[in-house]
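Where a number appears in this text, it was derived from the coordinates with a stated rule and is not lab data. Please read these numbers as outputs of a predicted model, since none were measured by experiment. Cβ coordinates were reconstructed from backbone atoms using ideal geometry, including for glycine residues, and neighbour counts include every protein chain displayed.
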Amino acid sequence: MKIAVLGATGLLGHHAARAVKAAGHRLVVIHRPSSRIERLGYLDAEFRPAELLDHGSLVRALADLDGVIFCAAGYPNRPRRWQEEVAAALDQTNHFYAACLAARVPRILYTGAAIALPRHPEGLPGHEGLFYEEMPLWKNPYLLSKWALDEQAREQARNGLPVVIGIPGMCLGEFDTGPSSGRLITAIANGWMTRFVPGRRNVIDAADAGRGLLLALEKGRVGERYLLAGHNIEMAELTRRIAQLLGVKPPEPMPLAMARGMAALGRLRYRLSGEVPKLNDATLAVMAGGQFLDGRKAREELGFIADTPLETTLERTIAWFRDNGYL
């Protein structure tokens, strides 16, 4: 099969591209003309430049494919009103779906986020059948953009596009050049994160997640969500393990209300001075909206199992950050 990946310069997209190659498929990397793709040269892929908002170039980049994995969703660092964040996210993916329709792409995998699922009402691990009945009450830009994109993907499938939704847990691994979710590690290592909000998390190795996205593209049912779950772990235990491997003091717990207050001060400081806050809305949403995840559906329908030990993931991620000057 000839499979394209959008967003291969990011953490999850890079690992999805590696999974495509490892499975013996022909890999196409669709990238912005300005993207630094030299680090992807070892993948021996076909590189097709395109701007997401340029319909013509995107249609050409999506031509003659058997499937595409969309990993190009943003991880915002700068404060922005939730209306602007949602509008920008939906505009980007609207262009993507329109180009897929025009290019007649037969299989589309949208990479979602677990935060788009509400918490299980009984405190059990979250599953694919959890939906918000209406717009979430908390007007967090990151939460609302991921919720809106999940709604959009399922609507596109109902309207006839062959969209499957793959939702990994919190991804950690090599090639997190942002960093995105790996900011948890760099913040602890560099002394920026001295507090954390207690809660439940599901952590998955990015390599496992990339393999799961490919399986969802290959085998998933159109319109269905698939949770790619790794290890369920309390935030206190996760931060303790990370700090232990780094050889630093672990962060202390703090109430969510305090974290929200710190984020509000960070937004105010950004408006006054332009200083980007270290505790942003995306981080706050992930801390507040975490839950354990149930990966049974992906295991039974896709044959997906995340088999990388958590300790191995943490050790490899820390080593990559250290080798690349993040610590």
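What value, in deg cm²/dmol to 500, does the helix sum -39500 (n - 2.57) over DSSP H runs of n ≥ 4 give at 222 nm once divided by the residues of the chain? Kindly include the intermediate steps, with their values, before the conclusion.
Values: 11 runs with 140 residues, N = 327.
The per-residue figure over the chain is -13500 deg cm²/dmol.
If we sort 184-195, 246-257, 199-210 on the protection proxy, mean other Cβ atoms within 10 Å, highest first, what's the order?
On the way: 184-195: 17.8, 246-257: 13.5, 199-210: 25.0.
Answer by packing, highest mean first, reads 199-210, 184-195, 246-257.
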Q: Figure the gain on full extension for Lys249 and Arg26 (residue separation times 0.36 nm, minus the Cα-Cα span) and round it to one decimal in nm.
A: 75.7 nm
(Q) Give me the count of lysine pairs in the chain whose alpha carbons sit under 19 angstrom apart, restricted to pairs 8 or more positions apart or on different chains. (A) 5
Q: Just the number, please: percent antiparallel of the DSSP beta bridges in the chain, rounded to the nearest 5.
A: 10 percent
Q. Under the Kirkwood approximation applied to all pairs of distinct alpha-carbon atoms, what is the hydrodynamic radius of the stretch 157-301 in Å?
A. 16.9 Å
Q) So if R0 is 51 Å, what FRET efficiency would Arg271 and Val222 give, r being the distance between their Cβ atoms, rounded to the nearest 0.05? A) 0.70
Q. If one computes the Cα centroid of the stretch 234-255 and of the stretch 112-161, what distance in Å separates the two points?
A. 29 Å
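Take every Cα pair under 8 Å in the chain that's 6+ residues apart, average their separations, divide by the length, and report that relative contact order as a whole percent. Can you show the working numbers first?
Working: 633 pairs, mean separation 65.5, N = 327.
Answer for the chain is 20 percent.
Hey, what does the equivalent ellipsoid look like for the stretch 60-163, semi-axes from the Cα gyration tensor as sqrt of 5 times each eigenvalue, largest first, whole Å? Provide the component values of the computation, followed by the final result.
On the way: eigenvalues 133, 62, 25 Å².
Over the Cα atoms of the stretch 60-163, the semi-axes work out to 26, 18, 11 Å.
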Q | Rounded tilt (10° steps) of 235-246 against the dominant C-alpha axis of the chain | A | 90 degrees
Q) Can you work out ³J(HN,Hα) from phi for every residue in the stretch 14-23, in order, using Karplus 6.51 cos²θ - 1.76 cosθ + 1.60 and θ = phi - 60°, giving whole Hz and x for Gly and Pro? A) 4, 6, 5, 5, 4, 5, 4, 5, 4, 7
Q: Count the net charge of all other residues whose Cβ sits under 14 Å from the Cβ of Leu314, scoring Lys and Arg as +1 and Asp and Glu as -1.
A: -2
Q. Between Glu237 and Glu315, what FRET efficiency comes out of the Förster formula 1/(1 + (r/R0)^6) with R0 = 22 Å and r the beta carbon distance, rounded to 0.05?
A. 0.85
Q) Relative to the present Cα-Cα distance, how much length would full extension add between Asn94 and Leu327 at 0.36 nm per residue of separation? A) 80.1 nm
Q: Could you work out the per residue convex hull volume over the alpha carbons of the chain, in cubic angstrom?
A: 131 Å³
Q: Please give the peptides 144-155, 295-306, 161-172 ranked by average Cβ packing (other Cβ atoms within 10 Å per residue), highest first, as a rough proxy for protection.
A: 161-172, 144-155, 295-306
Q. Quick one: helix 82-103 against the long Cα principal axis of the chain, what's the angle to the nearest 10°, folded into 0 to 90?
A. 20 degrees
Q: Could you work out how far helix 141-158 tilts from the main Cα principal axis of the chain, as a 0 to 90 degree angle to the nearest 10?
A: 30 degrees
Q | Label-point separation, Thr177 to Glu155 (7 Å along Cα→Cβ), nm | A | 3.3 nm
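At a Förster radius of 25 Å, what calculated FRET efficiency corresponds to the Cβ-Cβ distance of Gln83 and His120, to the nearest 0.05? Each step should come with its number before you reach the end.
Numbers: r = 29 Å, r/R0 = 1.15.
For Gln83 and His120, the calculated efficiency is 0.30.
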